[in-house]
């Protein structure tokens, strides 16, 4: 306990250690949005269910981390790259992360959004003249799709559907005064130009949102995510080596503890809160019950994608800048303990020489395993 203040002073005055720690914090903080909300991201951007998203996220994340650690561990143990190469690799990994996060801004599924949504003021106006008499206030999100135009209504009521049929297990709604799972006679269907005035639609509307036009974008997103996770994991061993080798031997455990403390306080705890607030700010329709706000029913997909990925990329840029500084400060760092090993050998030799001079004449032959 008496040495604790002195140890703290040594570590916090170690520029290389502190900058390396905050570099790791920046990368984890940037990635915490994906770590915590990737399932929600896949639901909103690619219309995947929670079960489908979880089925993909688990194997992809685990496999990429294992590959990254294994490959980097084998390369480092076999070739022992010098500090400029090993620390420079972390800088390259940072740029790969930024490229991937910026690429995510472009990878999504196209859809026409919800009827009533205004991209100009980022709001959704559900009431229309055609559904004012339907009593659609405070209805839960129950989307219906006008497949002919690829248009999604918030609920059958908001589509003006007045009737419903069930065909082969699929509900169809008729009399489009308020659209539902195959609804008929719906009065809130825009005309052939997709704009008001509204007209009564003679066809049926299908329950659920209209399918997205994705092509191979979902597979592309998962592939890019897998690649950047592999590269990201490959740089972790270099960061850990810097934490251990930039301090005195007696401070190694304490240095790693300080690293974990900062990662928890600055990345793991505030990260999900910050990204949760960003995602909530993109919500257009909230569940409201008894005067309190519940879950979000409908997000602004473009705003969601922009805020999450741009924020992650911006934080990662800061991490890359710190990695460049670490690469410069640690260019002559002994990453593999060779100096420590040589020092230990010299200490053992000195101890043997001192012992022999006390017992008798000095012998100049050094035999490490000689029996007395």
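Numerical summary
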| item | result |
| --- | --- |
| Region 230-259: number of residues that are part of a helix (DSSP H, G or I) and within 19 Å of the chain's Cα centre (by Cα) | 6 |
| Out of 37, 41, 27, sole residue that is surrounded by fewer than 20 Cβ atoms within 10 Å (Cβ to Cβ) and part of a helix (DSSP H, G or I) | 37 |
| Single unsatisfied condition, residue 270 versus (1) surrounded by 15 or more Cβ atoms within 10 Å (Cβ to Cβ); (2) more than 30 Å from residue 144 (Cα to Cα); (3) within 20 Å of the chain's Cα centre (by Cα) | (1) |
| Test: residue 7 is in a helix (DSSP H, G or I) and out of contact with any helix residue (DSSP H, G or I) (no Cβ under 6 Å at 6 or more places or on another chain) | no |
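Every read-out reported here was derived from the displayed coordinates using simple, explicitly stated rules and does not represent laboratory data. Since this is a predicted model, take the numbers as computed values, not measurements. For neighbour counting, all protein chains shown are included, and Cβ atoms are generated from backbone atoms with ideal geometry for every residue, glycine included.
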